[in-house]
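The values are calculated or read from the model by the stated rules, or taken from the named source; none is laboratory data. What you see is a predicted model; the values in this text were computed from it and never measured. Reconstructed Cβ throughout: ideal geometry from the backbone, glycine too, with neighbour counts over all protein chains shown. For accessibility, only protein heavy atoms count, side chains too; no ligands or nucleic acids. Shrake-Rupley method; radii C 1.70, N 1.55, O 1.52, S 1.80 Å.
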Amino acid sequence: GLGFNIVGGTDQQYIANDNSIYVSWIKKDGAAYLDGRLQEGDKILAINGKDLKDLRHKDAVELFRNAGYYVSLKIQRRLQPQNGPVGHRGAGESGGLPLAAILVPGLALAATAVWILLRYRQRM
């Protein structure tokens with residue numbers, strides 16, 4: 001399979017008054033997970049050029065099952081809420097930038113500044 005589950009459709013609305021198809025879960029180490037672009041909560045607008053608007057859930061599932069080896073998805077990214085976390089974090093996962101992403105450039109900048117200062121003092 002493609003490595004993710006979908007929800008929604010005309011007969012199983014995931015969001016009230018919305019017949020759209022949404023990604024509900026991405027399987028770890030599945031095709032979608034390894035590709036890295038699809039996210040839980042994304043709205044899938046089309047698969048291989050076929051519009052998913054106003055389809056029953058089972059008809060959408062059938063399109064995904066018969067998609068073939070190369071799959072093209074047109075998606076709409078979910079809107080990020082202004083307050084609170086998005087999605088679920090497992091134990092040991094934190095949000096934001098890793099500390100190394102801040103420290104390494106900062107240390108490189110500091111080392112360059114010291115080198116320039118020392119070179120400048122030698123010329124005096």
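Structure above, values below:
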{"read-out": "Computed label-point distance, nm, for sites Lys50 and Val114 using a 7 Å Cα→Cβ extension", "value": "6.2"}
{"read-out": "Size of charge dipole - the stretch 4-76 - debye, nearest 20, with Cβ of Lys, Arg +1 and Asp, Glu -1, no other charges", "value": "120"}
{"read-out": "Residue-by-residue Karplus 3J(HN,Hα) for the stretch 10-24, coefficients 6.51, -1.76, 1.60, Hz, glycine and proline x", "value": "5, 9, 9, 4, 7, 10, 3, 6, 9, 8, 5, 9, 10, 7, 9"}
{"read-out": "Cα-based Lys pair tally, the stretch 4-76, threshold under 20 Å, eight or more apart or on separate chains", "value": "11"}
{"read-out": "Gained length - Gln122 relative to Lys27, 0.36 nm times residue gap less alpha-carbon distance", "value": "28.2 nm"}
{"read-out": "1.4 Å probe accessible area per residue over the stretch 4-76, in Å²", "value": "66"}
